[in-house]
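Data first, discussion second: the structure below is written as structure tokens.
What follows draws every value from the coordinates through simple rules; no lab data is involved. Everything quoted here is computed from the prediction, not taken from an experiment. Neighbour counts are summed over all protein chains in view; Cβ atoms, including those assigned to glycine, are modelled from backbone coordinates with ideal geometry.
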Amino acid sequence: MDRLIFLGTGGGRIVVANQYVGTGGFIIQTEDYQIWVDPGAGALVRAKQFGVTAAKTDIVYVTHQHIDHCNDVNAVVDAMTLGGIKQRGTVISTPTLINGSDKDQPWLNPAVKAFLKDTFAVKAGDKIKIDKFNFVATPAHHDIDYCNGLRLETPKFTLGYTSDTAYFPELAEVYKGCNILILDVLKPGNEAWKTHFNSEDAAKLISEVKPELAILTHFGAKMLRANPIYEARNIQKKTGVRTLAAQDGMRLDLRNLASQTKLET
Ligand SMILES: [Zn+2]
Ligand SMILES: [Zn+2]
């Protein structure tokens with residue numbers, strides 16, 4: 001089964017604090033692997049809510065050390081290793097999250113880190129090969145020392161995830177050839193914010209990359225009020241690329257992606 005499951009579609013302080021929508025990240029199931037991207041605050045609870053078995057997770061990819069992306073990484077590793085009884089699994093994240101820095105303790109608790117088979121501290125441009133997958137850390141301009149997007153190359157599809165970033169022209173090259181592009185779009189319309197995308201930025205990148213399917217997520221309070229479905233519809237109209245607004249618990253079957261996502265014109 002090749003599946004994408006959203007365990008949250010929220011971002012930013014207000015939405016995280018109030019859980020207007022979840023902040024559990026998303027799950028990719030393919031090639032008998034379960035990959036969890038950005039298990040933010042409440043991730044374990046959202047997994048239970050939306051029928052995902054946390055213990056079956058094999059690889060966790062955390063883009064950066066903000067609470068809406070990383071908070072539950074220790075809980076997820078604990079779940080996938082039976083509290084350390086089974087040493088298994090991999091975490092890929094930033095050097096700060098894995099090893100700490102002068103200013104910060106590592107977010108991944110060293111005791112929990114010992115439960116894992118592997119950890120990889122990556123910076124933009126690094127590529128980690130695991131079995132049939134390539135995890136490429138992509139650049140992001142965000143308000144933190146390290147933030148990586150993701151380009152995940154699998155035998156059946158290539159998935160891009162911008163994570164939190166401002167728009168910059170090199171992004172188009174980085175995500176070229178992605179079948180699916182997931183974008184963190186905090187703000188609606190053309191509302192400028194120096195460390196995040198708005199809908200206009202999303203439309204620009206989508207029209208440059210031209211994926212088969214674009215998915216918006218990581219909505220702030222204003223974006224939720226504006227209604228992400230309308231924003232997605234406008235982007236689809238502008239770009240001609242099939243564009244969805246993710247919803248908590250949304251499941252997408254990634255088999256036959258091309259035929260499913262053909263635009264009805
Ligand atoms: Zn965020
Ligand atoms: Zn962030």
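For the stretch 158-253, state which trypsin sites (Lys or Arg not before Pro) are in a DSSP loop and have at most 16 other beta carbons lying within 10 Å of their beta carbon.
Values: sites: 176, 194, 204, 222, 225, 233, 237, 238, 242, 251; in loops: 176, 194, 242.
When the trypsin sites (Lys or Arg not before Pro) of the stretch 158-253 are filtered for loop state and at most 16 Cβ neighbours within 10 Å, 176, 194 remain.
If you put +1 on each Lys and Arg Cβ and -1 on each Asp and Glu Cβ, how big is the dipole of the chain around its Cα centre, in Debye rounded to 20? Intermediate results must be reported in sequence, preceding the final value.
Values: 30 positive and 29 negative charges, 104 e Å.
It works out to roughly 500 debye.
Quickly work out the residue 18-to-residue 127 label distance, labels modelled 7 Å from Cα along the C-beta direction, and quote it in nm with one decimal.
4.4 nm
Which entries of 103/176; 117/187; 103/238; 113/210; 129/210 show an alpha-carbon separation above 32 angstrom in the structure shown? Intermediate values should be presented prior to the final figure.
Values: 103/176 36 Å; 117/187 38 Å; 103/238 44 Å; 113/210 38 Å; 129/210 25 Å.
Violating the 32 Å limit, Cα to Cα: 103/176; 117/187; 103/238; 113/210.
Calculate how large, on average over all directions, the projected area of the Cα convex hull of the stretch 1-144 is; give the answer in nm² to one decimal. Walk me through the numbers before you get to the answer.
On the way: hull surface 34.2 nm².
In nm², the orientation-averaged hull projection of the stretch 1-144 is 8.5.
Can you list, bin by bin at 5 Å, the percent of alpha carbon pairs in the stretch 196-260, starting at 0?
3, 17, 29, 24, 18, 7, 1
Name the residue from 79, 245, 196 whose Cα lies farthest towards the positive end of the charge dipole of the chain, charges +1 on Cβ of Lys and Arg and -1 on Cβ of Asp and Glu.
Checking the options against the dipole of the chain, the answer is 245.
Mind checking the dipole of the stretch 93-188: about its Cα centre, +1 per Lys or Arg Cβ, -1 per Asp or Glu Cβ, Debye to the nearest 20? Intermediate values should be presented prior to the final figure.
On the way: 11 positive and 12 negative charges, 81 e Å.
That gives a dipole near 380 debye.
Over the chain, what is the percentage of antiparallel beta bridges among all DSSP beta bridges, to the nearest 5?
55 percent
If you keep only loop residues by DSSP, which GluC sites (Glu not before Pro) in the stretch 152-243 have at most 15 other Cβ atoms within 10 Å of their Cβ?
Details: sites: 153, 170, 173, 191, 200, 208, 212, 231; in loops: 170, 191, 212.
Of the GluC sites (Glu not before Pro), the ones in loops of the stretch 152-243 whose Cβ has at most 15 other Cβ atoms within 10 Å are 170, 191.
Among 115, 185, 229, pick out the residue whose Cα is farthest towards the positive end of the charge dipole of the stretch 112-265, where Lys and Arg carry +1 and Asp and Glu carry -1 on C-beta, about the Cα centre.
Looking along the dipole axis, the top candidate is 229.
Under a GNM of the chain (C-alpha, springs under 10 Å), which listed residue has the highest mean-square fluctuation: 235, 128, 59?
128
Restricting to the stretch 6-122, compute how many DSSP beta bridges are antiparallel as a %, nearest 5. Display every interim value, and only then the final one.
Details: 7 of 17 bridges.
Percent antiparallel among DSSP bridges in the stretch 6-122 is about 40.
So between residue 82 and residue 145, what do we pick up on full extension, going 0.36 nm a residue minus the alpha carbon distance?
Details: separation 63, 0.36 × 63 = 22.68 nm, distance 3.20 nm.
Gain in length upon complete extension: 19.5 nm.
Would you kindly calculate the translational diffusion coefficient of the chain, applying Stokes-Einstein with the Kirkwood radius from alpha carbon pairs, for 20 °C and a viscosity of 1.002 mPa s, and quote it in µm² s⁻¹ without decimals? Intermediate results must be reported in sequence, preceding the final value.
Values: Rh = 18.1 Å.
The estimated diffusion coefficient comes to 118 µm²/s.
Assuming R0 = 25 Å, can you tell me the calculated FRET efficiency for the pair residue 109 and residue 134, based on Cβ-Cβ distance, to the nearest 0.05?
The value I calculate is 0.35.
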